[in-house]
1. For W282, what accessible area in Å² do you get when you roll a 1.4 Å probe over the heavy atoms of the protein chains, rounding to the nearest 10?
2. With the crude spin-label approximation of a point 7 Å out along Cα→Cβ, what separation in nm comes out for S97 versus A444?
3. How much length would be gained if the chain were fully extended between D200 and Y452, taking 0.36 nm per residue of separation minus their Cα-Cα distance, in nm to one decimal?
4. Can you tell me which of 50-58, 71-79 comes out highest on packing, and rank the rest after it, using the mean Cβ neighbours within 10 Å?
5. When only the heavy atoms of the protein chains count and the probe is 1.4 Å, how do S360, S241 rank by accessible area, highest first?
6. At 1.4 Å probe size, put H293, H443 in order of accessible surface, largest to smallest.
7. Amide H of N75: which non-local residues (sequence gap of 5 or more, or other chain) have their own amide H closer than 5 Å, using H built in the peptide plane?
8. Quick one: go through segment 445-481 and flag any residue whose amide nitrogen is under 15 Å from the point 7 Å out along the Cα-to-Cβ line of S416.
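The values are calculated or read from the model by the stated rules, or taken from the named source; none is laboratory data. This structure is a prediction, so every number in the text was calculated from the model and none was measured. Here the Cβ positions follow ideal geometry from the backbone for every residue, glycine too, while neighbour counts run over all protein chains shown. Just so you know, the surface numbers come from the protein's heavy atoms only, side chains and all, with ligands and any DNA or RNA stripped out. Shrake-Rupley method; radii C 1.70, N 1.55, O 1.52, S 1.80 Å.
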Amino acid sequence: MRVLLALALAGLVVTGCSDSYAQSQADGPAPGGIAGGKPAAPPKPPRAANAALAVGGARQSPGVVAAGGEDAVYNYGPTVMVDGGKTHMWWCSQYGSAPPPGDDILYAEAATPDGPFTGPGGGAPIPVLSGAPGNFDGMHTCDPSVLRVGTTYYLYYTGAAGDHALGNAIGLATSSDGVHWIRAAGGKPILGPSHDVHRDNVYGAGQPSVVFLDGWYYLIFTDTTGRAAGWNGAGQFVVRSHDPAFAGGVEALGDKGFAPVSSTNAPRERSVVDGFSADLEWVGALDAFAIAHETAAGTTLTFWDRDFTMQPYAPVVIPGAWKEGPGLVRRPDGHAPTSVADPCGTVSFDVVRATVTGESGAPTALQHFGLDVRGSGACADADRVTTTFDGVAMPSPERTMDLFRRGQRIRIDRRSVAATLAGEVVNEPLPPVEGIPVTARLHAGATVVHAYGRGYGVLLGKNVRWGLPDTGSVKLNDSEAKEVDPRQWDAYAIGLPLGG
């Protein structure tokens, strides 16, 4: 998919790419709250649109922050994750030592987005996913987007068997460490071109970016055959599912909002951004999605509300040189990190992007750019506080950890368990959450139940079953999974999914 952005903007033809996975999220109530809870609150007044955000604190790395070793002549399309005190990055490049010839996904890590990024333990970045001959991604693997939910990493990527017209599609791999990956969905693509319209740009479908929010996996992507794409194939489409592999329960965003569709290849009725190679994140402090995409002035941040029905904030631009798709610096679930210094007033946006066209004619020279926005009103009322800190874990007054999920405060004995279930861990209590009561306590050794076809849950309080995203936290908590009949599973009162 090399240089799709630059060539497609010129209207040229572009080709080529630039039960084996973990348990899915244990069930809980539909996104929103505990089953059988309070009656629905009266509707809120509509939000104002296109509110201006104050911008400041512009920053830029002094030079290139990451580059592949060996013969890696291009480096672009990064996905960046802040987790466990490190900044992790995966991006598109090519190593001759990683057969077959074609795009490879590299991995490296650093203390901050300013690098320098090195392979695990030092040295050159390492290739972690390459083509699988004979499969849809037989030659190229590119455009990574990585999440961690529980202890499972999900890598969404563009794959292609060769440089063929409409040959690109989106695949999924899973991992327990972000380095060693296993292809999911039987090695088949989870999303391909819709073939609504065939244009001169024959790239196909790819360039995924995924966010995990309220039990939904939101996937935005390019499809040059989509009905709502522009004349040159530009556009970003959105599908969502509770299944990370999008094998069922898929909803597509159309003119009337999200609606169920039979598959991920349903017609593309609506685009949310006129662009290529975009990155998505959820910003709790703004109660909005942010889409980072390249425009003439730099990386533009376009904002949408939770349902993609209106744009609550005016666009913001991170200026500077660019050549191909930005990677937002995100926490493991794809949300914006919390500003510990000013959690109620400041949101930091940071991106890593290629800045020059190298000797090979492809983008390279990854650099870090960023700025802060203010005026979010993140703690204006109780609802905004719970939205802002959803998925955050922090020390409690009892030398344990508090995890905040959908307005609930769960006290957890072990930091390692809280870190697994949280989207983000901060190292000090933050005052805005002081008024949120403790809803439940997760003690070491708490009973975990499992039912075939249902998933895993931990019993808290009076046999209330709180969902677990996978089995990673079970061992960390010194718990044992107890097999139960599906009827018994269904008889428990239902709590929230602790992993999101």
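1. About 10 Å², rounded to the nearest 10.
2. Calculated label separation equals 4.3 nm.
3. Gain in length upon complete extension: 85.9 nm.
4. Going from most to least packed, we get 71-79, 50-58.
5. These residues rank, largest area first, as S360, S241.
6. Putting H293, H443 in descending order of accessible area: H443, H293.
7. T364, A365
8. 445-446, 471-480, by backbone N distance to the label point.
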